[in-house]
Amino acid sequence: LVLSCAGLPTLQQTTGPTSVEKNPACPALYPNGTWQLLHTIQAELPGNRKGFLMGLTKLSSRERSARCVIMTLEGLVLFDARYDGETKIERAVAPFDNPAFAQGVMADIRVIFFKPVAVETTTGKLADGGTVCRHRRADGHVIDIIQRGDMLWETRLYGSNHRLKRIVKGMRKENSPQGASWGIADKIELTALGTPGYKLVLTLVEAIPLEAE
């Protein structure tokens, strides 16, 4: 709650011309091409509820499309939806049958896996020394991509009112699951601030390339 009310931090501009493409914070760990990703999901939900699920996601960086299937550990499908400019629900059982839930899941997938589409991008540093690539979207939202180490990155999504809405932390290991590439994180931690807040920890099980782009 304190973080969500903190507002957009001041960005200390780097001296001299800076290429966004060459800035180490800008690329982050976004999959390039078409991929099928399998994750275990540890969820921390309101009311001190916790759950363990499996998530199968198919992504296309070129089409900016995604399909997400959430299953029990035994393989029972609880939620199946796709996004190709709009969200379409294929299957959903309670408590995953709320349309707002589907919209939220697909929005989270876009923040985690798709490179931001911005009307303005700048680079700089935070007060704590973190290297930042700041993307301002057409809807007024701001996405900061922060480099925290050679294999650590952090994405922060701010609303049009500059309040923090999402924190995504990604980690890359040296020994990754077979088929993974540099653009895919081995572990992702997403924290949704506000009401209702929740936390998801995604651990990569398998990454299958379907098509290069």
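I want to confirm something. Restricting to region 1-35 and keeping residues that are of a type in the set (S, T, Y) and open to solvent by 40 Å² or more (accessible area, probe 1.4 Å), which single residue is modelled with the highest pLDDT? Result: T10. A count restricted to region 127-142 and to residues that are at pLDDT below 95, part of a strand (DSSP E or B) and either among the hydrophobic types (A, V, I, L, M, F, W, C) or open to solvent by 40 Å² or more (accessible area, probe 1.4 Å) (or both) stands at 3. Please name all residue pairs, on different chains or six or more residues apart, with Cβ atoms under 6 Å, provided the first residue is in region 71-97 and is over 13 Å from R110 (Cα atoms) and in contact (Cβ under 8 Å) with a residue 24 or more places away in the chain and the second residue is open to solvent by less than 40 Å² (accessible area, probe 1.4 Å) and assigned to a loop (DSSP other than H, G, I, E, B). Correct list of pairs: L78/F96; F79/F96.
Just one of F101, F79 is surrounded by 14 or more Cβ atoms within 10 Å (Cβ to Cβ), of a type outside the set (V, I, T) and touching a Cys at 6+ places or on another chain (Cβ under 9 Å); which is it? Sole residue among the options that is surrounded by 14 or more Cβ atoms within 10 Å (Cβ to Cβ), of a type outside the set (V, I, T) and touching a Cys at 6+ places or on another chain (Cβ under 9 Å): F79.
Here T122 clears all of (1) modelled with pLDDT of 90 or more; (2) open to solvent by 30 Å² or more (accessible area, probe 1.4 Å) except the condition numbered (1). None of R67, R91, R136, R62 is over 18 Å from the mean Cα position of the chain (by Cα) and of a type in the set (K, R) except R91. Scanning region 191-213 for residues that are assigned to a strand (DSSP E or B) and loosely packed, with under 13 Cβ neighbours inside 10 Å yields a count of 2. Restricting region 154-184 to residues that are among the small types (G, A, S) and at pLDDT 90 or above leaves a set whose member that is farthest from the chain's Cα centre (by Cα) is S160. Applying the condition of being modelled with pLDDT under 95 and among the hydrophobic types (A, V, I, L, M, F, W, C) to region 36-51 and asking which residue is surrounded by the most Cβ atoms within 10 Å (Cβ to Cβ) yields A43.
The values are calculated or read from the model by the stated rules, or taken from the named source; none is laboratory data. As the structure is a prediction and not an experimental result, all values here were calculated from the model. Glycine also receives a Cβ, built like all others from the backbone with ideal geometry; neighbour counts cover every protein chain displayed. Surface areas here come from the heavy atoms of the whole protein model, side chains and all, with no ligands, DNA or RNA. Shrake-Rupley method; radii C 1.70, N 1.55, O 1.52, S 1.80 Å.
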